[in-house]
1. Put +1 on the Cβ of each Lys and Arg and -1 on the Cβ of each Asp and Glu in the range A:121-252; which of A:Val221, A:Leu178, A:Met237 then has its Cα farthest toward the positive end of the dipole?
2. Relative contact order, percent, of chain A when contacts are C-alpha pairs under 8 Å separated by at least 6 residues?
3. At q = 0.22, 0.23, 0.28 Å⁻¹, what is the log10 ratio I(q)/I(0) for the range A:194-253, with the Debye formula run over Cα points and no solvent?
4. If you wrap a convex hull around the Cα atoms of the range A:30-165, how much volume per residue is inside, in Å³?
5. Please give the average number of partner chain Cβ atoms lying within 10 Å of the Cβ of each residue in A:131-137, rounded to a whole number.
6. If you count, for each residue, the other Cβ atoms within 10 Å and average over each peptide, how do B:61-74, A:84-97 line up from highest to lowest?
7. Once the Cα gyration tensor of the range A:133-219 is found, what semi-axes does its equivalent ellipsoid get, as square roots of 5 times the eigenvalues, in whole Å, sorted largest first?
8. Given a cut-off of under 8 Å on Cα pairs at least six residues apart, what relative contact order in percent is computed for the range A:33-128?
Amino acid sequence: MVAAKSVEAPNIGFDFSNYARNQFFGERLQGIPKATSTGTTIVGVIFGGGDSGEEYGVCLGADTRATGGPIVADKNCEKIHYLTPQIRCCGAGTAADTEFVTNLISSNLELHALSQGRPARVVTAMTMLKQYLFRYQGQVGAHLVLGGVDVTGPQLFTVHAHGSTDKLPYVTMGSGSLAAMAVFESSFRENMKREEAIALVARAIRSGIFNDLGSGSNVDVAVITKNGTENMRNYEMPNERGIKSRNYKFRRGTTAWTKEAVRSLIVSEEIKSTTGAGKDQGGVEVVPVPTGAGAGGEEGMEIDT
Amino acid sequence: MSLRLVPASAQGSTEAHVVSSQATAHPISGTHDTFRHGLKSASQSVQAGNVSALQGRLEKWQETQTRLQQNMQRSTFGLALPLKQAMEIKIASQELHNPLLEQATITGVPLGGSSNLALEVLRGQDETLDAGDFMGGSTSFSEVLDISGVMERSRGI
């Protein structure tokens, strides 16, 4: 006799068992703490075709600062995510949400392309993203700029966290979107050349970096054409850390001492270079490593000026 | 015949085993206040406000989509087509004798959600990944430890 499976709810992936407890805490404290969202400037622009004489393409740009409230959590994070070889997605909002959503949709696009036997289109990616985000009613805080080139030409979309989308020739998102949009509105024109488009995108991101607190550090650019994608990580670095003007090292002898005894804790060290689960491979030379060297070992420990 | 696209705003979820003590909470500790409200009972878990509306929406999502599809197929092609599909799904979801055989890996359910490929193909979920396929949520992907318990539950003993 065949047993019938007991009816159980499908696995939704998220655990809500702390919901009532969080509501209780929210009433006791000043309110439920919100997931900290990152300030960002992300932009996209379509270029090429028409009188420019160059082929069509999409240029995406992003800053590289990730903030957690008032603190910079990551000074050089990557906001341009991979979806397919010819589609890229910039993400603003909650960093974990944009990361996971783009990873999931990237996997689904690969499966889709394999089953259809042709490269995935940008509208497919947009539809998958919007249907996923709508289901979660905006609780998945991912605001995305999706751009790519497929058989239908260059496409540029924005997807908001609640699932609404826009199709436009130039877009900006994130907390620095107004600063970047001001640059676009004054300087965008149709059928730009590739260098012009990259310069415009870099200028828009720089505008967001310098005028918005939530954006900062470097400029990342990605240029997508029908031949492929060129990723220019840290295309501009307008916020290099300056060399400190004063020396903070203390002169040897600043503090007096009466007795000195130095004992090395490592008597000798031998490093054998092997591959294959650490088993000894014949014919590989054994190199003894001088003690004290290594990360922070020798050169970082200057005491004398 | 309902052609609803999204689940109705649910009061709660189908997870009856989630017991929450919000309505009977002690003002300091947050746990169930036996002194004021008596011993804990199962009816507390179904009170409004105890469960998240989003959870109910997510749990009913797949069911609502299949119901929409079935209703549209019924009005377009007649009763035979959705009936045949439902019959095939019922056949494919019949369990084997031993729950251990259902699990493809030693550690438990394979990544991707289920080892029943036929059922996934019939439901149209064989070529997509969803959040529930790689995140456990409140269920764990670990191996079956109590086989007798699983067998008893599946046969209603």
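1. A:Met237
2. 19
3. Per q value, in the given order, log10 I(q)/I(0) is -0.92, -0.97, -1.17.
4. Here the figure is 117 Å³ per residue.
5. Averaged over the peptide's residues, the number is 3.
6. Packing order, densest peptide first, comes out as A:84-97, B:61-74.
7. With the √(5λ) rule applied to the range A:133-219, the semi-axes are 23, 19, 10 Å.
8. 22
None of the figures in this text is laboratory data; all of them are computed from the coordinates on show. Remember, it's a predicted structure, so these values are computed and weren't measured experimentally. Here the Cβ is made from the backbone with ideal geometry for all residues, glycine too, and neighbour counts use every protein chain on show.
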